[in-house]
DNA sequence: GCAACCTATGAATCATGATTCACTTCTTGC
DNA sequence: GCAAGAAGTGAATCATGATTCATAGGTTGC
């Protein structure tokens, strides 16, 4: 048997695969999904177009992984906040909304791609999965808050979906490619504060303290 | 001058154009934008593929018109409600949210196409225009409600965008092609009521009456 | 009926970009 | 160094679906 892949080769292969994923991610982060053709990604990664297909069965598959990883990172942040038992539910909701918005505004092209840019159906499926993840994360803390009396009676699933939608929609304007350079820090601060307030108002009972803190989760 | 288009010919031409628009609309309403190829629309309208191009410079242009008309009808309903001076602001918001949700649920495939399905950039632009329209309609009534003290102090633009997003996101699940046949009337009623309540809570001051009426705007 | 000149047709063409594949270039174990 | 086989290459191929265009069929005014 004159050839058998050695661990060293395996490692090099893995590194190339990783470089392709990173290149795809960077391409999306810099210029959006629309700009991310297979050959653009390949040449950015320093490999030939065809080589991409030695590591991924299809473009859709590659980008599903790219989106999955990027979305997971975002979801992890939000989920960590919503399940932080050291805080009362209302503060968790506020901090999670704030983290979501702040991080999106800090990486607008990527956020737009993850949230709203037209993508392959397979990638869209990935997106839907994470939307549900956000919904679930919010739904859990809403449930707790209702049980503790801190939040009004309501269907946590519906309210959670509404919160996710409210955050997404209010951010898509500022994030969209059309809104380039217009976003002064000033606007962003008001936007974040307004969104946090909106979410809290929608769910908290009256006496809820109106947290608009500046805890950073970026 | 042996030929000059007569009014009769003009009328026939206009009728064909209209039939093409209607066919395109019906195709989207029945099977979504993805199914609406130029030839599908043409054959549904009973004309040849090429004939479509005698009335529209491009597919994007045709569908921009289709989306514009359909969206305008929806927006008109919502705007009529939000500007109905015979009602207090909170009831206008509630009725508008309810109308939006109910109408979307009544025509799910079309609603999904108008709200969330991937479309041509030119059509997407049309969609954004109408999103802004909804936002403006809500923003106006929010502004009034704030002035009258019925609503909390807040930035009407941000809250309006959040309301539009909340409605859209919470509806997209039930509307999406994946959610076929699952939607019992029962669920829909709870969803509509939940959404109306969410929107009202988000903006009204505490003493606001919690309207969950069944006024039909379908 | 006829010249002039629209309108309709739908198969062929184009454009885009993903995917393939015949070939070249490494790696490995001996 | 060499044979066996893996990995890399990138130009050619494919797929999809919008768009064009040479041709056929209608209208109009006289």
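A compact table of results
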item: Net length gained if the chain between residue B:13 and residue B:43 were fully extended (0.36 nm per residue, minus Cα distance); result: 9.1 nm
item: Degrees between helix A:89-106 axis and first principal axis of chain A (Cα, 0 to 90, nearest 10); result: 40 degrees
item: Three-way shape call for the protein assembly as shown based on the alpha-carbon gyration tensor, with the a/c threshold at 1.5; result: oblate
item: Inter-copy label distances at residue A:76 (7 Å, Cα→Cβ; nm, one decimal); result: 5.2
item: Rounded tilt (10° steps) of A:7-31 against the dominant C-alpha axis of chain A; result: 50 degrees
item: Rounded, prolate or oblate (a/c below 1.5 giving rounded, otherwise prolate when a/b exceeds b/c) for region A:1-87 by Cα gyration tensor; result: oblate
item: For chain A, calculated [θ]222 nm from helices alone, where every DSSP H run of n ≥ 4 adds -39500 (n - 2.57); result: -24000 deg cm²/dmol
item: Using alpha-carbon coordinates, inclination of helix A:121-147 to the longest axis of chain A, degrees; result: 30 degrees
item: At 7 Å out from Cα toward Cβ: residue B:128 inter-copy label distances (nm, ascending); result: 2.5
item: Region A:84-198 - percent relative contact order, Cα under 8 Å, separation 6 or more; result: 41 percent
item: Position residue B:43, label points 7 Å along Cα→Cβ, spacing to each other copy in nm (shortest first, one decimal); result: 4.0
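Readers should treat all values here as calculations from the given coordinates under stated rules, not as data from a laboratory. Computed from a predicted model, the values in this text were never measured in an experiment. Counting neighbours? That spans all protein chains shown, and the Cβs are built from the backbone with ideal geometry, glycine included.
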